1. Kindly provide the trypsin sites (Lys or Arg not before Pro) of region 92-160 that DSSP labels as loop, not H, G, I, E or B, and whose Cβ sees at most 10 other Cβ atoms within 10 Å.
2. Just for the Cα atoms in region 142-274, what are the lengths along the principal axes, largest first, rounded to whole Å?
3. GluC sites (Glu not before Pro), restricted to region 203-258: which are DSSP loop and have at most 16 other Cβ atoms within 10 Å?
4. Would you mind telling me the antiparallel percentage of the DSSP bridges in the chain, rounded to 5?
5. State which stretch of the chain is the longest one without any exposed chymotrypsin sites (Phe, Trp or Tyr not before Pro), exposure meaning a DSSP loop state and at most 12 other Cβ atoms within 10 Å.
6. Run the accessible area of region 123-261 with a 1.4 Å probe and give the carbon-and-sulfur part as a rounded percent.
7. Rolling a 1.4 Å sphere over the protein heavy atoms, what is the accessible area per residue of the chain, to the nearest Å²?
8. Regarding the chain, what whole-number volume in Å³ per residue does the convex hull of its Cα atoms give?
Amino acid sequence: AVTLGKHIAQVQKATDKVIVYVCQSLSVPERRSLIANNINFIQPGYQMFIPELAMDLRESVRTRRNEKDVSTLLPAAQAMVLARLYEGWDSDTIFNSNGIMNGFKYSRVTLAKVIDQMLKLGIVHPAQSQGFKNCYSFGAPPAEVFKNVRRFMRSPVKRKVAIDRVLHTGNGVFLAGETALAKCTMLAGPVQPIFGMTKKQFDTLVEEQAFKVTDSVDEIRAWVEIWAYRSLKEGKNIADEASLLLSLENIPDERVQLALDELKEAVAWLKSED
């Protein structure tokens, strides 16, 4: 865009007409770069950006309209987006529906809702189909995607309960809350450890009498956070950095907030919200 801008500046010395760059093929990052640098362009049959002619960018208008239909990402959508952010992608990477699921076992109905949200928010865009499968590509690098979608994400913690014993991690049980944050930063861990698990896993362990939910201060040995999705670091049995940030960001404790700032340094795209 910078080089193109220099060429346009030379042309403008010879005419007072509106200069428009026309190109048959432009990637999403290229289009955004042209817009950011206020360079008029036309991608025939797809987009037009010429503010001087009081014309708006069709895709931008459509995205703003669609964003009104999405107030919060579905837990499944949030989990899939974060999981894919950790994996990363190249500008020419194309995913089919199963590729976006990235190992999650959601129903086809849930997956359809997830992809619909991702399309409306501009997280992904339709790509060239391969066979009969719908294919998609991400609209920007990971840091930019996270920054744009951040306001639609919420804490994955649905409920927090006290239990009468300390658990072992594994089989769907992972370190969460300040206990997980302490493992990743210099924060001192809480006296009573905090574990995370899905509602399904929680119900299973309660039925197996692996622990008892308690309200008695004398019986509390640990805490369980019931999460909307499984740990994205399942092999390490600890909450992932982004979900941990979302679960703790509203805690006013200055020690926790300083630890969260430290946590962001561990993942490049997490720093994009600063």
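1. On the way: sites: LYS105, ARG108, LYS113, LYS120, LYS133, LYS147, ARG150, ARG151, ARG154, LYS158, ARG159, LYS160; in loops: LYS105, ARG154.
Hits after loop and neighbour filter: LYS105.
2. Result for region 142-274: principal-axis Cα extents of 45, 28, 24 Å.
3. Values: sites: GLU207, GLU208, GLU219, GLU225, GLU234, GLU241, GLU249, GLU254; in loops: GLU208, GLU219, GLU249.
Hits after loop and neighbour filter: GLU208, GLU219, GLU249.
4. On the way: 20 of 28 bridges.
Here the antiparallel bridges make up roughly 70 percent for the chain.
5. Details: sites that count: TYR46, PHE132.
Excluding the exposed sites themselves, the longest stretch runs over 133-274.
6. Numbers: 3690 of 7410 Å².
Carbon and sulfur: 50 percent of the exposed surface of region 123-261.
7. Details: 15270 Å² over 274 residues.
Value for the chain: 56 Å² per residue.
8. Working: hull volume 44.8 nm³, N = 274.
Taking the convex hull of the Cα positions in the chain, it is 164 Å³ per residue.
The values are calculated or read from the model by the stated rules, or taken from the named source; none is laboratory data. Please read these numbers as outputs of a predicted model, since none were measured by experiment. FYI the Cβ positions are ideal-geometry reconstructions off the backbone, even for glycines, and counts take in every protein chain you see. Protein only, heavy atoms only, side chains kept; ligands, DNA and RNA dropped before computing areas. Shrake-Rupley method; radii C 1.70, N 1.55, O 1.52, S 1.80 Å.
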